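The values are calculated or read from the model by the stated rules, or taken from the named source; none is laboratory data. This structure is a prediction, so every number in the text was calculated from the model and none was measured. Here the Cβ positions follow ideal geometry from the backbone for every residue, glycine too, while neighbour counts run over all protein chains shown.
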Amino acid sequence: MNPRGSRSRPGFTLVELIVAGVITGLVAAAATLSVSHTLRARDSASARHAAFRRAAVAADRVSGDVRALLRDPDPLGVRFVLTDSGSADEAADQILLYARTLRRARAALPTEAESEGDAYEVQYRLGPAPPPPGAGAISRAPLAALWRRADPVPDENELGGGVASALVAGVAALSIEASDGVGWFPAWDSDISGLPHLVRITVRGRDDSGRYTHTARRTVALDRVPVEPEEPVEEEEQDPEQPTGSEPSAPAPAEADQPALAPSTTRRFEVPAVPPARGPDAEPAPGQPPREGPAPQPRGAPR
């Protein structure tokens, strides 16, 4: 009971304070969970995009050089070697070919740039990725990279020379197959089987954590232009009855040279001739026997 003349001050009861605290905690927890899910979805999308981009870029680079495969009538100027390596789950195939490209292998020196042509010895393989530029940056899973070696001057040493560089990091597998139009083969050598009809490139890329992967596939059709055969030269035979040194007489036009007419397929029907009507007193037709018996009576005559 308040003393006389005193006023009660407005305030919150203990129950109201507890309820307000619980509601505030629930709102804060919901906001934190929503932000956490948003950040997690962003990281997952970024990782998936990284895996997709690495696989697509690696497949495009290999297929681009395969499309620019060098064609030459000389078999020594054409080279396509496919080596099957790695395992079934982690394929690490290698490809060596002669390609035509305007992208220079060596950099900026004028003397080296001028010495390069448009034919290169190109090789693709998987190798360890170079260390990241940031010191102390360690990935959770060891990453491999797609390496490209380009030699401006194709020579007898196919496994060395030129400039090698890591194109794409985070390539988990590289599978390349060649086809002769009937089946697919994991290994190929142009010196034995010639150029293939189709080349299928399958690349699997993954993100830095190794949690997400993506597969990209490219199929390249190689045009095979057949060589036109040489026309045989026909030698004219000399008639033994014709004297040597005399010019052969021009052959007379024969009926066989004239175009033959196609035989008519219309069927002809012959209608037999109908003999003219003859009276009872008429003589028999030539070739028929004489008529025996009494002469036929005319119509209406009494019998």
(request) Note down all Cβ pairs under 9 Å where the first residue falls in the range 70-85 and is in contact (Cβ under 8 Å) with a residue 60 or more places away in the chain, the second is part of a loop (DSSP other than H, G, I, E, B) and among the small types (Gly, Ala, Ser), and they're at least six residues apart or on different chains. (result) 75/194; 78/194; 80/194; 81/187; 82/187; 83/187; 84/187
(request) Please work out which residue is modelled with the lowest pLDDT, limiting yourself to the range 93-143 and to residues that are of a type in the set (Asp, Glu), farther than 20 Å from residue 172 by Cα and surrounded by 12 or more Cβ atoms within 10 Å (Cβ to Cβ). (result) 112
(message) Against the definition (under 22 Å from residue 195 (Cα atoms) and not in a loop (DSSP other than H, G, I, E, B)), how does residue 51 come out, yes or no?
(response) no
(request) Working only within the range 189-223, note down all residues that are in contact with a helix residue (DSSP H, G or I) (Cβ under 8 Å, 6 or more places away or on another chain), under 18 Å from residue 170 (Cα atoms) and either of a type in the set (D, E, K, R) or in a loop (DSSP other than H, G, I, E, B) (or both). (result) 204, 206, 207, 208, 209, 211, 212, 217
(message) Whether any residue in the range 70-80 is part of a helix (DSSP H, G or I), out of contact with any strand residue (DSSP E or B) (no Cβ under 9 Å at 6 or more places or on another chain) and modelled with pLDDT under 90 is what I want to check.
(response) yes
(request) Answer yes or no as to whether residue 42 is charged (D, E, K, R) and surrounded by fewer than 17 Cβ atoms within 10 Å (Cβ to Cβ). (result) yes
(request) Only residues in the range 176-196 that are exposed (fewer than 13 other Cβ atoms within 10 Å of the Cβ) count as the first member; pair them with residues that are in a loop (DSSP other than H, G, I, E, B), Cβ under 7 angstrom, at least 6 apart or cross-chain, and list the lot. (result) 181/197
